[in-house]
């Protein structure tokens, strides 16, 4: 079944059938204030911290037909002819489809950049609702337009409703005594308008939530029991209170707090529109909110904010736009992938439809470092500031904490603390920052960044150390933290959180990440003219390469680990997990694999791990819990890290293949996980076709092809890098812009525009001989140049580049 289509002209995905297999969501606002909105108008909103400052109650595990967080009811006189205000029945329906599940004449949910717009027509009424958080504001706005599309006058009431949660989101579900005793709401008249404020008793002098609108409300409700009616045996699908002329005007002093405002929009003539604007916000006091309330009651402010948001995204996306023969590739690269990268950079792994935000996980050091790599070109200054924050969670010894809370800035070692018999650090966390530092300087040329001071987590010395020193300490920690074979120790885990071997285990992934980071740092030192220092690190790279090549080759592929007793993991001799994807791809990315072994290892990936829905992380899957391996064995075979198609590492295979020159295979890998290419198999795939998933069930699982955990995944950043920097081959380097494509041989070429250091590059790539890779000729503003590096020239505003492959 088809559930929607891509509208690239408007930079939207349009859902046309609300009965999607799962809730499909979009993000509004930022972690400072915002959350996600599902395609039927439900919303989970928080301010700064989804765990300790959540505002709306959204329970993901409840059925899709249930009310979740927010909705809108419209009310018409009963079709029997009774008029509003009589004792008879009203026709109640939600233009969002949920929770009333009415038949609709038209339904669209437009997933935009920073907003969601739901359009529906039923019972002669068209409703257009745009949901967003204005830039820099701490308020969710719902701009509601109600239009009479019938041939007769229609009397319409509108009742927006939301349900609050306790700010401590976990306690909401674990303490059914304390929570309802503390929740309180009251109504305040602001001239002709009603403002409903809500707070838990202990927070009343610290922060209040408020809900109001731009039209006078005739009545209100703040008590869920009163709203649903009949001692809550009334339902969200048909609240008893909406059959009364007015709501009860109850101010809830305990219990389940809601906010509902009843607006009599009056009699709409055919073609007439009424505009209702609601606001949900949070400030220290209601007085602090008054200026914001006045601003967002004004329709001109709403229109201006939406226009400003469009201009922001125009500038953000115009950093890179492409035109290739593949429409799905274009939709993903031009719009939805960079949008997902932006969202993932904002939210890390903190809150999604799958990451419930109920624990204290916070912002991941490893996760967010990789997220930065997907947004540096579009937001270099923001990336720099965030990178400095991440570096501040590095320890003086060069290792790093695993995560931190963005409100308290307290870091911790993550899940490694749960097992006393395992190390309490991750062997890869600190190394990702090296890739971020070098990528930032390549994009901006800002070498002065290396001298900026960033403190360590211990805050000693107080003034901190230079960014350059942070990089050196990270590399030195791994160089010295080695095991029996001279390879880096695994710690609690490397990138793969779920393989938790005993103390003394060694990680080939961390070996290769270290090698990649070394190469990036060596290139930086060479650029800075520090050749002698670069030579010292070249020796370190050669040293680790020789150890990998001596100990880690299994005959047709590389091992993934050595257990504490020296037993290889990821070997054909193992019963489970005989070959691991990351051991092969990163052997290429690190430069450790010889050309022959690199090709053999990647051919083994294609032979043993590739499927039509993506590349498996390993095979065969473990078939039963084994505490010696840890979390990986808690999943059934073919799911998540246990032989599932874990998408985050798939682009590493794409990059490896482009480095080996095979554009056809790299493109095959890209296409088989491109969500836009799955729009026609949604009943199998189930989740949003406009963002990448974290994982897809693999062929050892009965539900092969089912996707899960969309949005907040490192898949987004790495697929964007793989698609743009390695398949299209447009990547920033220290001295200029490299254009070195590795494309499918069937392509005639492509076009792209790339803004780099303030200069717009108009790029045309021709492929007359239908090769994958190999730059034969380059013209820059009509003049032939040697090589594929276009030197940075900030004296120009626009440069035309024509590349011919051959």
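Since every read-out is calculated from the coordinates, none of them should be taken as a lab result. All values derive from a computational prediction rather than experimental measurement. Here the Cβ positions follow ideal geometry from the backbone for every residue, glycine too, while neighbour counts run over all protein chains shown.
Could you check how many residues of region 52-62 are closer than 17 Å to residue 206 by Cα and buried (at least 22 other Cβ atoms within 10 Å of the Cβ)? So the answer is 2.
Every test in (1) in a loop (DSSP other than H, G, I, E, B); (2) over 29 Å from the mean Cα position of the chain (by Cα) is passed by residue 113 save one, and that test is (2).
Summed over region 362-405, the residues that are under 24 Å from residue 352 (Cβ atoms), in contact with a helix residue (DSSP H, G or I) (Cβ under 9 Å, 6 or more places away or on another chain), touching a residue at least 40 places away in the same chain (Cβ under 8 Å) and surrounded by fewer than 20 Cβ atoms within 10 Å (Cβ to Cβ) give a count of 1. Check 246, 323, 272 and return the single one that is touching a residue at least 40 places away in the same chain (Cβ under 8 Å) and either under 31 Å from the mean Cα position of the chain (by Cα) or under 21 Å from residue 185 (Cα atoms) (or both). After applying the criteria, what remains is 323. Answer yes or no: is there a residue in region 71-87 that is surrounded by 20 or more Cβ atoms within 10 Å (Cβ to Cβ) and in a loop (DSSP other than H, G, I, E, B). The answer is no, given that none of the residues of region 71-87 is surrounded by 20 or more Cβ atoms within 10 Å (Cβ to Cβ) and in a loop (DSSP other than H, G, I, E, B).
Every residue, every condition in (1) in a loop (DSSP other than H, G, I, E, B); (2) free of Cβ contacts under 8 Å to residues at least 24 places away in the same chain; (3) within 30 Å of residue 331 (Cβ to Cβ), yes or no:
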residue	(1), (2), (3)
101	yes, no, no
136	yes, yes, yes
145	no, no, yes
161	no, no, no
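The criterion of at least 1 residues that are loosely packed, with under 15 Cβ neighbours inside 10 Å is met, among strands (runs of 3 or more DSSP E) falling completely within region 209-297, by 257-268, 273-283.
For region 763-792, residues that are surrounded by fewer than 14 Cβ atoms within 10 Å (Cβ to Cβ), closer than 28 Å to residue 441 by Cβ and in contact (Cβ under 8 Å) with a residue 24 or more places away in the chain total 1. Taken across region 33-49, residues that are surrounded by fewer than 18 Cβ atoms within 10 Å (Cβ to Cβ), in contact with a helix residue (DSSP H, G or I) (Cβ under 9 Å, 6 or more places away or on another chain), touching a residue at least 40 places away in the same chain (Cβ under 8 Å) and more than 20 Å from residue 707 (Cβ to Cβ) do not occur at all. Summed over region 413-464, the residues that are under 18 Å from residue 361 (Cα atoms), surrounded by fewer than 18 Cβ atoms within 10 Å (Cβ to Cβ) and either touching a residue at least 24 places away in the same chain (Cβ under 8 Å) or over 27 Å from the mean Cα position of the chain (by Cα) (or both) give a count of 2.
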